[in-house]
Structures are given as C-alpha cells and as structure tokens.
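Chemist: One structure, pasted below without further comment.
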Amino acid sequence: MGMTINWFPGHMAKTRRQIQESLKLVDAVIEMRDARIVKSSANPQIDEICKDKPRIILLNKSDLAEDKVTKDWVKKLTTDTIKPLAVNSITGEGLKSIKITLDALLKEKHDRQRKKGLVNIVTRVMVVGIPNVGKSSFINKLAKNNIAKTGDKPGVTKSKQWIKTSLGIELMDTPGVLWPRFEDEAVGLNLAFTGAIKDEVMDIEELALKLIERLQTNNPQRLMERYKLTEIMENPLDNMDNIGKKRGAVISGGNIDYNRIAVMLLDEFRGGKLGSISLERVEDV
C-alpha cells in the first residue's frame, strides 16, 4: 500500500521567487543536503534556479551516513562549478574547507576585482536547502553563534538579512523550501524518515513500519543490534512487534503500543542511535 505524501504550503512558492530575485546579489550558493538522502534532499528546482552560480553542496549530518557512501556521492556530484563537501554543522567538522573551496570557485572573479583595486573582498553567499536539513545550525556555527544583521546593503531590501562570519563571507539565509509534489514515493518517504516533513502530517505508525521494511532489507544488522533481536522476520509488522516486546511497549491484552514504538524508532533513527545509515546510494539512483 502506498503512502500519500502531498504538501506544498504557499510560503514555499514565495521562497522560490525570493531565491530567484536574490541570486543577483550573491557570488555563490551553498546548498545544504542531508548526507543520508543526498538525492531525495536535493530540491530539483535549485539546480534550475542556481545553474549560473558557482555552488557548494554541503552533505550535512555526514556523521549519520555511511562514510564510503558519502565519498561516492562527493565524487558523483563534483563538476567544474559544483563542489560537494561532507560536513557536520553541529560539531563544525568539514566547515573549514568552505572558505578554500569558495575561493577556488571564485578565483577568476576575485582576480578581476583585485585588478580593479579592491583589497578587502567580501564573498556573499546564499544558503538554500530543504526544511530541517541543518541550515540554522550551519549559519550559527559559521557566525560563531553571533547572528547579527550587517546593515542594509545597496539594492538589498530590509527583509533580507546578511549574516557576517569570521571567514570574510556574508551569508544570506533563505527559508527551507520543498517542491510541489514528489514524483517518486521513495523520495517522500526518505524526507519523512529524516524529519524533513513534519510528523504531524504523516501516519506515524505506517511511516515507522515503512522504515522497518527499508532497514530489514538494507541494514538488518543495525535493527538486530539496537533492539537485541535474534532474527529478522520477513513481515515488517512481525519485526515491529518484536521490537515492541523487547522495549516493553506492551499494553493491556498483550497488544503492542504501536504509536510509542513508532515515535521511538523514528527518534532513534534520526538521532543516529541505530548507527550510521545511508538510505540512498549512488548505484541505486
């Protein structure tokens, strides 16, 4: 049975327009994706909207993904104008490479500016990404937790906030934006598994069952280790029942408290308690 995942709040369309209008004010784009779901967390409209700008793709939450899989994605996504970096915006791992990578992408532009006599070159960058991908953590880390407006720039409306960093980079934040519909149910599920779609709009018990189904196929050992299962059953519901019993989520009549198990399972997966798990591999897409 397929899950219906369909949402496109009005502010998403507004954000898309804002991104298009703001592009002329920046030198480059930093696109954030979730390292566990590199393809699913890529807004296909960003490729089209930002195609003329140098771009860094930050594969965030890389600590929650499988290292080899992330390296495969970095290799696949690299082009002359697009440079992917594996990062962790909570710990700051990988963020030091951003300045070097931006300078390399913008070398020709900076050389032209220096020839015109510019000394203190400030690189302006727009940060884009889907909801809950870690943009706020990233910006806070780069700004050393000191988010401040840098004042209105010529041609910048007051609604746009420039955030100074210690790296000579000024960041323009944008709201997280998804796209109108998911062509593939797997994409919607991946976004839901990782929390990019709010649980309130989902059937959380069915979502957890779908996650078990995915993990029992691709990462059975992770399920067995975390929940002390002696075997993985073919039916995901049987595995959910066994997890419930192991965790003591049994209610009157010996029935399993599925809501409790669903919430726990999703929380533990998102928090990395099941270990590093990549839900998408280069060879699968």
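Here, each number is a calculation from the coordinates, and none is a lab measurement. As the structure is a computational prediction, the values presented were derived from the model and not from experiment. All Cβ positions, glycine included, derive from the backbone under ideal geometry; neighbour counts span all protein chains shown.
Chemist: In region 203-284, how does Rg compare with the Kirkwood Rh, expressed as the Rg/Rh ratio over alpha carbon atoms?
Modeler: Details: Rg = 12.5 Å, Rh = 12.9 Å.
So for region 203-284, dividing Rg by the Kirkwood Rh gives 0.96.
Chemist: Oh, and also: Say we join alpha carbon atoms closer than 10 Å with springs in a Gaussian network model of the chain; which of Ala28, Ala249, Ala262 then has the biggest fluctuation?
Modeler: Ala249
Chemist: Moving on to the next point. Debye calculation, C-alpha points only, no solvent: report log10 I(q)/I(0) for region 10-173 at q = 0.21 Å⁻¹, in the same order as the q values.
Modeler: Debye curve over Cα of region 10-173, log10 I(q)/I(0) at q = 0.21 Å⁻¹: -1.62.
Chemist: Could you sort out which of Lys68/Lys245; Lys107/Lys164; Lys53/Lys99; Lys71/Lys246; Lys51/Lys71; Lys61/Lys246 sit more than 26 Å apart by Cα distance in this structure? Show your work: numbers first, answer last.
Modeler: On the way: Lys68/Lys245 34 Å; Lys107/Lys164 21 Å; Lys53/Lys99 16 Å; Lys71/Lys246 35 Å; Lys51/Lys71 23 Å; Lys61/Lys246 29 Å.
In this structure, Lys68/Lys245; Lys71/Lys246; Lys61/Lys246 exceed 26 Å between Cα atoms.
Chemist: Nearest 10 degrees, 0 to 90: what angle lies between the long axis of helix 236-246 and the longest principal axis of the chain (Cα atoms)?
Modeler: 80
Chemist: Using the Cα centre as the reference, give the magnitude of the dipole from point charges on the C-beta atoms of region 10-173 (Lys, Arg: +1; Asp, Glu: -1; all else neutral), rounded to the nearest 20 debye.
Modeler: Value, rounded to 20: 420 debye.
Chemist: For n ≥ 4 DSSP H runs only, could you compute -39500 (n - 2.57) per run for the chain, divide by its residues and tell me the 222 nm figure to the nearest 500?
Modeler: -11500 deg cm²/dmol
Chemist: Once the piece of chain linking Lys75 and Gln20 is laid out straight, how much longer is it, given 0.36 nm per residue of separation minus the C-alpha distance between them? Working shown, then result.
Modeler: On the way: separation 55, 0.36 × 55 = 19.80 nm, distance 2.79 nm.
The span from Lys75 to Gln20 would gain 17.0 nm if fully extended.
Chemist: Still on this structure, please answer the following. Would you look at the GNM of the chain, springs on alpha carbons closer than 10 Å, and say which of Arg55, Arg114, Arg247 moves the most?
Modeler: Largest GNM mean-square fluctuation: Arg114.
Chemist: Moving on to the next point. Give me the net charge for the shell around Val125: Cβ to Cβ below 9 angstrom, other residues only, Lys and Arg +1, Asp and Glu -1.
Modeler: Numbers: positive: Arg124; negative: Asp27, Glu170.
Every neighbour counted, the sum reads -1.
Chemist: Same structure, new question: Which one is right for this structure if Rg/Rh (Cα atoms, Kirkwood Rh) is calculated from it: [x] 1.54; [y] 1.03; [z] 0.95?
Modeler: Answer label, from the structure shown: [y].
Chemist: Can you put Val69, Val285 in order, fewest other beta carbons within 10 Å first?
Modeler: Lowest count first: Val285, Val69.
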